[in-house]
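The values are calculated or read from the model by the stated rules, or taken from the named source; none is laboratory data. As the structure is a prediction and not an experimental result, all values here were calculated from the model. Don't worry about glycine lacking a Cβ; one is built from the backbone with ideal geometry, like all the others, and counts go over all protein chains shown.
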Amino acid sequence: MKLRIDSIKDTPQSFPFAGDDDWKRGAAQAIPELAAEGGRVPGATLRAYRVGQDLLLEGRLEGALGLECSRCLARYRHALLEPFRLLLEPSGKRIPADPEAARSLAENGFCLGDELEMGWFQGHEIDLTPLFLEVVALAIPVQPLCREECRGLCPQCGVDRNRETCDCAAPRDASPFAVLETLKE
Ligand SMILES: [Zn+2]
Ligand SMILES: [Zn+2]
């Protein structure tokens, strides 16, 4: 999503972004979970205004990830509702020390500092695509769960314990306390 700097006024304005084909294609390529079954490349609602010389951008991304549960291996849809907030100050003649940030400032018209919420801008237009991708990437759970109380697969016979019960004995020895129990006896 590209935003012209001169379209940002002192009073907050909305810049809805349903997402064009370029964004949809690029995002699905960069983050396969968006293209997977159940996934949906997010659109954005954005509000932008000036705070003195600075630009304040805030909004949220709404889409979905198609994930695989780390316990029961079922595929499921993970809703994305990711807020973001960004305060950009004019870079002026400064160049970021970090080469990655310097490249982003030149290519996208903005770069982020050490904190994701602060950065610099330059030029006439900023391209928020990399920010959106970053927000989505950070929202991908490290251990996806189809639901909090998912019981997973039986480690012995492999049945989905959300749907069936099995007769496999609970693996007593697997408990780290089992040894302590025998010591006590
Ligand atoms: Zn599950
Ligand atoms: Zn079993």
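Computed quantities for the displayed model
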{"item": "Of all residues in region 29-50 being in contact with a Leu (Cβ under 6 Å, 6 or more places away or on another chain) and of a type outside the set (A, V, I, L, M), the one that is farthest from ARG77 (Cα to Cα)", "result": "TYR49"}
{"item": "Answer from GLU58, GLU100, GLU148, GLU89 - the residue that is of a type in the set (Asp, Glu), loosely packed, with under 15 Cβ neighbours inside 10 Å and away from ligand 1 (no atom under 16 Å from the Cβ)", "result": "GLU100"}
{"item": "Pairs, first among the acidic types (Asp, Glu) in region 126-139, second part of a helix (DSSP H, G or I) and at pLDDT below 95, C-beta under 8 Å, six or more apart", "result": "ASP127/GLU107; ASP127/ASN108"}
{"item": "Residue among ALA79, ALA48 that is among the hydrophobic types (A, V, I, L, M, F, W, C), assigned to a strand (DSSP E or B) and loosely packed, with under 15 Cβ neighbours inside 10 Å", "result": "ALA79"}
{"item": "Answer from LEU73, LEU61 - the residue that is away from ligand 2 (no atom under 16 Å from the Cβ) and either not small (Gly, Ala, Ser) or not assigned by TED's automatic domain parsing to the domain that holds PRO144 (or both)", "result": "LEU61"}
